[in-house]
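A.B. asks: Got a structure for you, questions after.
Just so it is clear, none of the values below were taken in a lab; they were calculated from the coordinates. Bear in mind that the values here come from a model prediction, so they are computed numbers and not experimental data. Every residue, glycine as well, gets a Cβ built from its backbone with ideal geometry; the counts of neighbours run over all protein chains shown.
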Amino acid sequence: MTTENPVHLTPELVENPVGAYAGLRTRPGLGHVVLPGLNAPVRLVTRHEDVKAALAEPRLVRDRSTIPDSEMPDPQAELMAQGADGLPPEYAQYLSGHLALFDGDEHTRRRNPLTRAFTARRVAALRPFVEKTARELIEALAEREQADLLGEFAYPLSTAVICALLGVDAADQDKVCGWIRDFAYGDGSRVLEGLGGVVQYTKDLVTRRRAEPADDLVSALLADGGMADDEIVTVFFLLINTGITPPALFLAHAVLALLDHPDQLERLRAEPELLGRAVPELLRYVTLVRMGATLYATEDFVFAGTGLRKGEAVTVALFAADHDPAAYDAPERLDVAREFGRGDGHLAFGHGPHYCIGAALGRLVTGVVFEELLVRRPAAPELAVDRADVRFGHWPGDGFHLLSLPVRL
């Protein structure tokens, strides 16, 4: 493959671990591809070992602005331009301050206060709230002939958890969750209203928590003192963007994967002690974020057998890595009893300095949902439509994602 003739990936290819990726893995070096909906070519890393190495390689950075005088194609800029279309400039700082886009000392400065505030105790303390919220949502939906497990369960649950974590007052949660829905996963008609509502509410919340601290993330960040007020507002959007839509979609995709593998669902229900293995296996099998952030070479150097030029764009295919037969036995098979070695056993939460801050919370919520929805109930959920009628859409640069998951509970 050459830059002149890159492989044009489609959403179907991006989400097929056995298809295009198998061919890309067996080629020497890193081939050029064009991701779905984009035009700029990028070097694609598909092998598990190479993906881990890329995510820990200091000469591959996230912030293109630190590499001057490069005229190499930039798929990340193309992707962000699509997402920022029509966005008022005064809000740009809150959405462009994403931790994933910084490196080195600046990344450490922004991440450390959040890491210090995101304690194991704070995450564990959320378990009763997650259990109560999940049960109430399930009970309400179980009374209906059918329900959308994504829109009416996974999204509301993920949103409520983030609101509780940040410290949104109980009386304000419906209002704030409405703004988040409008901004993050509604029909798009009220994005700006949702964005404005969240920004103003978070600014007011920072002011209130400075005067009267509580046991929540915003108060902890203020006490830490490592972030300016506007950076705390940015954290709110970081958690909305990474702590709501990806976890909600993962929960729905994981349930669909189990419905597609009824033998595995039945085994999990019969042996609930397998939950500890099923969670990482489903994280691996689904790998909701198929493509990682764009990385840029800070200098000319050889990586994974390929000569990279300064400023050249590289993207890691997390989904491909989590289905690499060199790393897993029969990776295309869902196995709720699969045993992993030390660590996560997958790359769904990333690797290296940008490893997902919310991984522990994600594991907690997933474990609670599987227990409440799949194990404790007298009967497992069933699809309420034919499998062929389950609706999917896709975002630029990525594979297909569920638009809804109609089930009977």
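A.B. asks: Do the sum for the chain: with -39,500 (n - 2.57) for every DSSP H run of n ≥ 4, divided by all residues, what is the mean residue ellipticity at 222 nm, to the nearest 500 deg cm²/dmol? All intermediate terms of the calculation are to be shown ahead of the outcome.
C.D. replies: Details: 18 runs with 188 residues, N = 409.
After summing the helix terms and dividing by residue count, I get -13500 deg cm²/dmol.
A.B. asks: If the reach is capped at under 23 angstrom between alpha carbons, list the lysines near LYS132, excluding any in the same chain fewer than eight residues apart.
C.D. replies: LYS175
A.B. asks: Something else now. Going by how many other Cβ atoms sit within 10 Å of their own, how do ARG377, ARG342 line up, fewest first?
C.D. replies: Numbers: ARG377 14, ARG342 5.
Final ranking by Cβ density, sparse to dense: ARG342, ARG377.
A.B. asks: Under the definition of Cα pairs under 8 Å and six or more residues apart, what whole-number percent is the relative contact order of region 297-357?
C.D. replies: 22
A.B. asks: Please list, in order along region 355-366, the HN-Hα scalar couplings obtained from phi with the Karplus expression 6.51 cos²θ - 1.76 cosθ + 1.60 (θ = phi - 60°), rounded to whole Hz, x for Gly and Pro.
C.D. replies: Here the 3J(HN,Hα) series is 3, 4, 5, x, 4, 5, 5, x, 5, 4, 4, 4 Hz.
A.B. asks: Grab the beta carbon distance between ARG109 and ALA293, set R0 = 22 Å, and tell me the FRET efficiency rounded to 0.05.
C.D. replies: Working: r = 18 Å, r/R0 = 0.84.
Using R0 = 22 Å, I get an efficiency of 0.75.
A.B. asks: Right, next: Karplus couplings for region 100-111 from phi (6.51 cos²θ - 1.76 cosθ + 1.60, θ = phi - 60°), rounded to Hz, Gly and Pro as x?
C.D. replies: After applying 6.51 cos²θ - 1.76 cosθ + 1.60, I find 5, 9, 10, 9, x, 4, 5, 5, 4, 4, 7, 7 Hz.
A.B. asks: Kindly state, to the nearest 0.05, the FRET efficiency for GLU145 paired with VAL191, given R0 = 41 Å and r defined as their beta-carbon distance.
C.D. replies: Numbers: r = 32 Å, r/R0 = 0.77.
It comes out at approximately 0.80.
A.B. asks: Now for a different question. Across region 171-181, in residue order, what do the Karplus-derived ³J(HN,Hα) couplings come to in whole Hz, using 6.51 cos²θ - 1.76 cosθ + 1.60 with θ = phi - 60° and x for Gly and Pro?
C.D. replies: 5, 9, 5, 4, 5, 5, 4, x, 4, 4, 4
A.B. asks: Considering the alpha-carbon set of region 89-159 alone, what are its Rg and its Dmax in angstrom?
C.D. replies: When restricted to the Cα atoms of region 89-159, Rg and Dmax are 18.0, 53 Å.
A.B. asks: I would also like to ask the following. Put one equal scatterer on each alpha carbon of region 195-349, apply the Debye formula with no solvent term, and list log10 I(q)/I(0) at q = 0.21 1/Å to two decimals.
C.D. replies: Summing over Cα pairs of region 195-349 leads to -1.17.
A.B. asks: Can you give me the long-range amide H partners of GLU15? Hydrogens built in the peptide plane at 1.01 Å from N, cutoff under 5 Å, separation of 5 or more residues or another chain.
C.D. replies: Distant-sequence amide H within range of GLU15: PHE400.
A.B. asks: What residues qualify as long-range amide H neighbours of ASP169, i.e. H under 5 Å apart, gap of 5 or more or another chain, H built at 1.01 Å from N?
C.D. replies: Distant-sequence amide H within range of ASP169: zero hits.
A.B. asks: Let me ask you something else. Whose amide H sits under 5 Å from the amide H of ALA384, counting only residues 5 or more places off or on another chain, with H placed in the peptide plane?
C.D. replies: VAL407, ARG408
A.B. asks: Oh, and also: Please compute the modelled spin-label separation between ALA56 and ARG333, points set 7 Å along Cα→Cβ, answer in nm with one decimal.
C.D. replies: In this crude label model, ARG333 to ALA56 measures out at 2.9 nm.
A.B. asks: In addition: Sorted from fewest to most neighbouring beta carbons within 10 Å, what does the list GLU12, GLU273, GLU152 look like? Display every interim value, and only then the final one.
C.D. replies: Values: GLU12 13, GLU273 8, GLU152 19.
So the residues, fewest neighbours to most, are GLU273, GLU12, GLU152.
A.B. asks: Right, another one. Rounded to the nearest 0.05, what FRET efficiency do VAL18 and GLU131 have when you use their Cβ-Cβ distance and R0 = 45 Å?
C.D. replies: Numbers: r = 37 Å, r/R0 = 0.82.
My answer for the efficiency is 0.75.
A.B. asks: So what's the Cα pair-distance distribution over region 1-62, bin width 10 Å, in %?
C.D. replies: 21, 52, 27, 0
A.B. asks: How would SER404, SER65, SER219 line up from fewest to most surrounding beta-carbon atoms within 10 angstrom? Present the calculation step by step, with values, prior to reporting the outcome.
C.D. replies: Numbers: SER404 17, SER65 8, SER219 20.
The fewest-first ordering by Cβ neighbours comes to SER65, SER404, SER219.
A.B. asks: Additional query: Quote the convex hull volume per residue of region 204-250, based on C-alpha atoms, as a whole number of Å³. Mind dumping the intermediate values first?
C.D. replies: On the way: hull volume 3.8 nm³, N = 47.
Enclosed volume per residue, from the Cα hull, is 80 Å³.
A.B. asks: Using 0.36 nm per residue of separation minus the Cα-Cα distance, give me the extension gain between LYS310 and ALA379 in nm, one decimal.
C.D. replies: Numbers: separation 69, 0.36 × 69 = 24.84 nm, distance 5.64 nm.
The LYS310-ALA379 span can extend by a further 19.2 nm.
A.B. asks: How big is the equivalent ellipsoid of region 37-153 along its three axes, where each semi-axis is √(5λ) from the Cα gyration tensor, reported in whole Å from largest to smallest?
C.D. replies: On the way: eigenvalues 264, 97, 65 Å².
One finds semi-axes of 36, 22, 18 Å for region 37-153.
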